[in-house]
1. Return only the number of the condition from (1) out of contact with any Phe, Trp or Tyr (no Cβ under 8 Å at 6 or more places or on another chain); (2) open to solvent by 50 Å² or more (accessible area, probe 1.4 Å); (3) at pLDDT 95 or above that Cys2 does not satisfy.
2. Quick one: in the range 1-53, of everything that is in a loop (DSSP other than H, G, I, E, B) and among the aromatic types (Phe, Trp, Tyr), which residue is farthest from Leu67 (Cα to Cα)?
3. What pairs can you find where one residue is in the range 50-73 and in contact (Cβ under 8 Å) with a residue 12 or more places away in the chain and closer than 17 Å to Glu114 by Cβ, the other is of a type in the set (D, E, K, R) and surrounded by fewer than 22 Cβ atoms within 10 Å (Cβ to Cβ), and their Cβ atoms are less than 6 Å apart, with a gap of 6+ or different chains?
4. Taking the range 99-124 as the region of interest, how many residues are farther than 16 Å from Val46 by Cα and open to solvent by 40 Å² or more (accessible area, probe 1.4 Å)?
5. Looking at the range 100-116, can you tell me whether even one residue there is modelled with pLDDT of 95 or more, within 12 Å of the chain's Cα centre (by Cα) and farther than 23 Å from Val19 by Cα?
6. Hey, can you tell me all the residues within the range 55-80 that are of a type in the set (A, V, I, L, M, F, W, C), out of contact with any Asp or Glu (no Cβ under 7 Å at 6 or more places or on another chain) and either open to solvent by 30 Å² or more (accessible area, probe 1.4 Å) or assigned to a loop (DSSP other than H, G, I, E, B) (or both)?
7. Among the numbered criteria (1) open to solvent by less than 10 Å² (accessible area, probe 1.4 Å); (2) more than 20 Å from Ala122 (Cβ to Cβ); (3) not in a loop (DSSP other than H, G, I, E, B), which one does Leu92 miss?
8. Select from the range 21-64 the residues that are more than 24 Å from Gly84 (Cβ to Cβ) and in contact with a Ser or Thr (Cβ under 8 Å, 6 or more places away or on another chain) and list them in ascending order.
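The values are calculated or read from the model by the stated rules, or taken from the named source; none is laboratory data. This one's a predicted model, so the numbers in the text were calculated from it and none came from an experiment. No Cβ is skipped: glycine too gets one built from the backbone with ideal geometry, and neighbour counts run over all protein chains shown. Quick note on the areas: whole protein, heavy atoms, side chains included, nothing else; ligands and nucleic acids left out. Shrake-Rupley method; radii C 1.70, N 1.55, O 1.52, S 1.80 Å.
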Amino acid sequence: HCTWEGITCHTEGEFNGLVRKIELDDNNLVGTADLVTIWLLQGLEVLRLQKNKVFVPFLNIENAINLRTLIISETKTNSLIGIGGAKQLRELHVTNAGLQGMIPDELFQLSLLEKLYLSHNALTGFLP
């Protein structure tokens, strides 16, 4: 799996040989991304699915214990329900994804979040 297109693995340490990054930007993916199994990848730090016609649900994202960066801009992800379970998340990109309504309170559960990109959505409300 470490030689597959879009997959980068750890090359040392406790996660040596395990998937570190999945980068499938602009890959013509369509539908709902069933990530329940992906979230179980212990070494996963980065997931990039931007510029695909996929809906990314956050069911069981709390299992992604080392996920630091999630880039799902320009996807069909129109809800952030469940994102609060990504406790290690430091960077979240969800620009131009069809989000509407109030900025979800779940974003405020991401206490380690350093970078948040939500532009080009129809969100309202305030960030502290």
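1. (3) is the only condition that Cys2 fails.
2. Residues of the range 1-53 that are in a loop (DSSP other than H, G, I, E, B), as a first pass: 1-6, 10-18, 24-29, 33-37, 41-45, 49-52.
With the extra rule that they be among the aromatic types (Phe, Trp, Tyr), the set shrinks to 4, 15.
Working: Trp4: 20, Phe15: 13 Å.
The selected residue is Trp4.
3. Cβ pairs passing all conditions: Asn66/Glu45; Arg68/Glu45; Arg68/Arg90; Thr69/Glu91; Ile71/Arg48.
4. 12
5. So far as the range 100-116 goes, yes, one or more of its residues are modelled with pLDDT of 95 or more, within 12 Å of the chain's Cα centre (by Cα) and farther than 23 Å from Val19 by Cα.
6. Phe55, Val56, Phe58, Leu59, Ala64, Ile65, Ile72
7. Of everything listed in (1) open to solvent by less than 10 Å² (accessible area, probe 1.4 Å); (2) more than 20 Å from Ala122 (Cβ to Cβ); (3) not in a loop (DSSP other than H, G, I, E, B), Leu92 misses just condition (2).
8. Glu23, Lys51, Lys53
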